[in-house]
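Structure, as structure tokens:
The values are calculated or read from the model by the stated rules, or taken from the named source; none is laboratory data. Here the structure is a predicted model, which is why all the values come from computation and not from measurement. Cβ placement follows ideal geometry from the backbone for every residue including glycine, while neighbour counts extend to all protein chains displayed.
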Amino acid sequence: MQQRITRSVWFLLVVMTLVAGGMLPAAADSVPAPTVTGPIPVTAEPGDSTHDYVYFTPDFDLSEYGYVEEEFFIEGLANQYSTSNAGDGIVLSSEHPYRTRIVVRRPIGQKWFNGVVLLEWQNVTAGYELDAHWAPSWEHIVQNGYAWVGVSAQRVGVHGFPPPSDNYALKAWSPARYGSLDVTVGGTITNDALCYDIYSQAAQAIRSPSGIDPMGGLRVNLVLAVGASQSAGRLSIYHNAIHPLHNVVDGFYLLVGGADLRTDLDVKVMQYLSETDLRAGPGRRMVDSDHFRSWEVAGSAHSSYASDVYRTPLVLRDFGTEVYPPDCDAPPYSRVRGYYAATM
């Protein structure tokens, strides 16, 4: 049997390889830095009916861990692309205006920051943004000095599904706070065609800020593209078609998803798959290489118990009701602690 290097050791080797000798890829000049506004003031306590606070803000005090949460609006002009798993993306049209938000949870000072930003492509499968990687991993993140940045790149998170899920999207949840956001050019582009440039420009704002610095002056060494499930699928497309054009992230982490990656790129990719994910069949598996590692955790679930424990109190606080509660006779969610492997 081929010996497999442990996940934590391989990740350490990835970081050392990227940092040593100035090997970090420079942010591409072709990706403009967006205009950043913020931090957006918070005028209400979490749970207040005005909803003038950060959507899904944690229900504990981040300052107790030496962290701060700040929200920013970013805006700019985005391209539409034709994308393929086999080659670079092709620009179809340009100059499409957008305005969206990023949420930054970071150490308050440089000495507590490990230099790595986890840039999470927010998952919207449930009809709202649920901080899919942060939820089961936040303790590891704050204990080890990572910064986490959530990017609202897709229509569903900002504008919503058809009723009733549209009530949980940013613009409907707090019109006063988020009413100015738009990733559809006034409803004329509804297929998420702008999401790739939005994500790249968010990365550019983090690694090479122009004007307001969302990282509060922290020195960023690595920006890792992180996405779970549906977002891991989007990042697979991004990896194949957009990353070769933009080169603004230093590596990828695909959580409970991702497939059909190109093998001719030298960017590092890590993947975590639960047993649920592998029920899709052997086609989900990709071959390990110098640039790709996948970890599979037997008995673990696509949607974890740890995520539910974190998220349910926030859903009840911010929505006033459970959204799509599990429907099964047995206790829902596997208790296998897959999040031990899911953390960096």
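Write out, first by first residue and then by second, each pair whose Cβ atoms fall under 7 Å of each other, whose residues are 6+ apart or on separate chains, and whose first residue, in region 295-309, is of a type in the set (Asp, Glu) while the second is surrounded by fewer than 20 Cβ atoms within 10 Å (Cβ to Cβ) and not in a strand (DSSP E or B).
Close Cβ pairs satisfying both conditions: Glu296/Leu278; Asp308/Tyr333.
Take the residues of region 35-75 that are assigned to a helix (DSSP H, G or I) and of a type outside the set (Asp, Glu): which is surrounded by the fewest Cβ atoms within 10 Å (Cβ to Cβ)?
Narrowing region 35-75 to residues assigned to a helix (DSSP H, G or I): 62-65.
When the remaining residues are screened for being of a type outside the set (Asp, Glu), the result is 62-63, 65.
Working: Leu62: 17, Ser63: 10, Tyr65: 17.
Going through the qualifying residues, I end up with Ser63.
So which pairs qualify, if the first residue must be in region 70-87 and free of Cβ contacts under 8 Å to residues at least 12 places away in the same chain, the second must be outside any strand (DSSP E or B), the Cβ gap must be under 9 Å, and the two must be at least 6 apart or on different chains?
Ser82/Gly89; Ser82/Ala241
From the set of residues in region 100-147 that are small (Gly, Ala, Ser) and in contact (Cβ under 8 Å) with a residue 40 or more places away in the chain, which is surrounded by the fewest Cβ atoms within 10 Å (Cβ to Cβ)?
Of the residues in region 100-147, the ones small (Gly, Ala, Ser) are 109, 115, 126-127, 132, 135, 137, 145, 147.
Retained after the next criterion (residues that are in contact (Cβ under 8 Å) with a residue 40 or more places away in the chain): 109, 115, 126-127, 132, 135, 137, 147.
Working: Gly109: 12, Gly115: 15, Ala126: 19, Gly127: 19, Ala132: 30, Ala135: 21, Ser137: 24, Ala147: 25.
Per the criteria, the residue is Gly109.
Name the single residue that is farthest from Val336 (Cα to Cα) among those in region 256-270 being crowded, with 20+ Cβ neighbours inside 10 Å and modelled with pLDDT under 95.
Selected residue: Gly258.
Can you give me the number of residues within region 178-213 that are touching a strand residue (DSSP E or B) at 6+ places or on another chain (Cβ under 8 Å), closer than 19 Å to Tyr238 by Cβ and of a type in the set (Asp, Glu)?
Total meeting the criteria: 1.
Given the conditions (1) farther than 14 Å from Ser229 by Cβ; (2) modelled with pLDDT under 95; (3) over 21 Å from the mean Cα position of the chain (by Cα), report the number of the one that Ala280 does not fulfil.
(1)
Six or more apart or on different chains, Cβ under 8 Å: which pairs go from a residue in region 177-200 that's touching a residue at least 40 places away in the same chain (Cβ under 8 Å) and on the phi < 0 side of the Ramachandran plot to one that's in a helix (DSSP H, G or I) and basic (Lys, Arg)? Could you list them?
If the second residue must be in a helix (DSSP H, G or I) and basic (Lys, Arg), the pairs left are Tyr178/Lys171; Leu181/Lys171; Val183/Arg155; Cys195/Arg234.
Working only within region 298-339, note down all residues that are of a type in the set (Ser, Thr, Tyr) and either surrounded by 14 or more Cβ atoms within 10 Å (Cβ to Cβ) or not in a helix (DSSP H, G or I) (or both). Spell out how you get there, then give the answer.
Narrowing region 298-339 to residues of a type in the set (Ser, Thr, Tyr): 300, 303-305, 307, 310, 312, 321, 324, 333-334, 339.
Listed by number, the residues that qualify are Ser300, Ser303, Ser304, Tyr305, Ser307, Tyr310, Thr321, Tyr324, Tyr333, Ser334, Tyr339.
Would you check which residues across region 76-99 are surrounded by fewer than 18 Cβ atoms within 10 Å (Cβ to Cβ) and in contact with a Pro (Cβ under 9 Å, 6 or more places away or on another chain) and list them?
Across region 76-99, the qualifying residues are Leu77, Gly87, Asp88.
I want to confirm something. Restricting to region 148-159 and keeping residues that are aliphatic (A, V, I, L, M) and under 13 Å from the mean Cα position of the chain (by Cα), which single residue is surrounded by the fewest Cβ atoms within 10 Å (Cβ to Cβ)? Lay out the reasoning, then the answer.
Kept after step one, since they are aliphatic (A, V, I, L, M), are these residues of region 148-159: 149, 151, 153, 156, 158.
Now restrict to residues that are under 13 Å from the mean Cα position of the chain (by Cα): 149, 151, 153.
Working: Val149: 23, Val151: 29, Ala153: 31.
That would be Val149.
Take His239 and tell me if it is in contact with a strand residue (DSSP E or B) (Cβ under 6 Å, 6 or more places away or on another chain), in contact (Cβ under 8 Å) with a residue 12 or more places away in the chain and in a loop (DSSP other than H, G, I, E, B).
no
Could you list all residues from region 204-216 that are buried (at least 22 other Cβ atoms within 10 Å of the Cβ) and in contact with a helix residue (DSSP H, G or I) (Cβ under 8 Å, 6 or more places away or on another chain)?
Within region 204-216, just Pro214 meets the criteria.
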